Each structure stands twice: as C-alpha cells, then as structure tokens.
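The values are calculated or read from the model by the stated rules, or taken from the named source; none is laboratory data. These numbers come from a predicted model, not from an experiment. All Cβ positions, even for glycine, are placed from backbone atoms using ideal geometry, and neighbour counts span all protein chains on display. Heavy atoms of the whole protein, side chains included, go into the accessibility calculation; ligands, DNA and RNA do not. Shrake-Rupley method; radii C 1.70, N 1.55, O 1.52, S 1.80 Å.
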Amino acid sequence: MVVLMSSETINYYNQNAADFASATDQIDMTALYAEFLPWVKTGGHILDAGCGSGRDAAYFKQLGFNVSAFDASSALAEIASRRLKQPVAVQQFEQLNGHELYDGSWCCASLLHVATDSLPSVLFRLQQALKPGAVLYASFKYGDGERELNGRCFTDMNEEKLKSLVATVSSLSISKTWLTQDQRPERSHESWLNALLFKDVI
C-alpha cells in the first residue's frame, strides 16, 4: 500500500504558497550548494524532488545544469514552473518511477514530510532514479520521531535514524552528515541534519 503525504500538509502549502515562497527565497543557500554541486558533472541532470517555489532548481538551471522538478503542492509547482519557465510536475515521492536518469537528486527540506514507514520505499525510488555514482542531498529537521505542527506533518531525523534508513537501500551509502542552524531569525533555535549520499557504481 502506498502511503502518500498527508492532505493536511499539502493543503497547508497550497494555502500558504506565496508566503512560503517569499520567506524561503531569502535564505542563503550558498554553503549547501557548495557541498552538493561539485559532485554533479558539468551540465548534468539534477532532480529537485519536492522543489517548493523552485528557488534551488532555478539556481541550478542558471549554472547550466539540466533540471527536472516536482512538488506535491500544485500551488508551489505553479510558482516553480513560472520561475523555471518549464513544466513542474505535481506529484509525490511515492510516485517517482524513473530509472538511472539523474546525475544528482536534491531533496532539500522535502523528505521531512514523508512518514517514517514510507521513507525506505521512497529512498529506494530515489536511488533507482539516480545514475550509478550519482549524489543525493537531503535535509531534515534534527530530532527523532514524527510530529504535527501548524497543519504540517514532520518526520525528524538524527544520525542514527538516518544510518538505519540508508541501510535499507543496499546501493546507497552515506558520505557525509552535518548540522546547520535555521537561518530564519524566528527559527534560529532549530537545527537541520544535512546528508550527502552516493549511489554505488556498478
């Protein structure tokens, strides 16, 4: 049985798309881009999975990468599509069915809305869509467990939980994890777990 993202979470983003885009567009992503992009070949194909407003996908495209993007929120996908000047699919991680298409997958603050029980199958789908040797970046709010906050469902992650998750997908390995603080002043007390994963070269 496929367990999709909660309708409450999707509704939250549909109803708050413009405000969410405005708030997140101001965040300086330079340090995170610097961790991810060196591992993607020049002009390579990047999947922005759960792209939100398209902020990151637009940056990658500006640098000459080929970009594909999707989001579960139709309102955010529309904003991202206008920004990217290309179609952005309205879909969820559980509906990803590509096979060895991408040189990198960018999952910035998006997998955190996938329920814990669904994460192994979602991670399997993400690695299946990656070419051998490709990189996957993911970020989660730091913690352990699932919670609901202001109409959104979150799955928090720590190092041990991530290690157990990645162990369910034999072709993926963790290269690096690191913590960062939320850059929004009102959320400076929140920490994020960042991770770089690599798909094995066959």
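With a cut-off of 10 Å between beta carbons, the residues surrounding Thr177 carry a summed charge of +1, where Lys and Arg count +1 and Asp and Glu -1. The relative contact order of the chain comes to 19 percent, based on Cα pairs under 8 Å that sit 6 or more residues apart. Among all the lysines, which ones have a C-alpha under 22 Å from Lys176's C-alpha, if same-chain residues fewer than 8 places away are not counted? Here the lysines satisfying the reach criterion relative to Lys176 are Lys41, Lys131, Lys141, Lys161, Lys163, Lys199. Here the peptides 58-67, 33-42 are ranked by packing, the mean other Cβ count within 10 Å, and the order with the highest first is 58-67, 33-42. Given a Förster distance of 45 Å, report the FRET efficiency between Gln183 and Phe124 from their Cβ-Cβ distance, rounded to the nearest 0.05. Rounded to the nearest 0.05, the efficiency is 0.90. Alpha carbon centre of region 12-84 versus region 132-198: separation in Å? Using only Cα atoms, the two centres lie 18 Å from each other. Whole-Hz Karplus values for region 132-147 come out as x, x, 6, 10, 10, 9, 9, 9, 9, 5, 6, x, 8, x, 10, 7 Hz, taken residue by residue from phi with 6.51 cos²θ - 1.76 cosθ + 1.60 and θ = phi - 60°; glycine and proline positions read x. Rolled with a 1.4 Å probe across the full set of protein chains, the surface gives His99 an accessible area near 120 Å². Annotation: per residue accessible area for region 11-157 equals 42 Å², rounded to a whole number [probe 1.4 Å, protein chains only].
Here region 44-131 is described by how far its Cα atoms reach on the three principal axes: 34, 28, 18 Å, from widest to narrowest. In order along region 62-73, phi translates into HN-Hα couplings of 4, 7, x, 7, 7, 10, 10, 8, 8, 8, 6, 8 Hz, rounded to whole numbers, per the Karplus curve 6.51 cos²θ - 1.76 cosθ + 1.60 with θ = phi - 60° and x for Gly and Pro.
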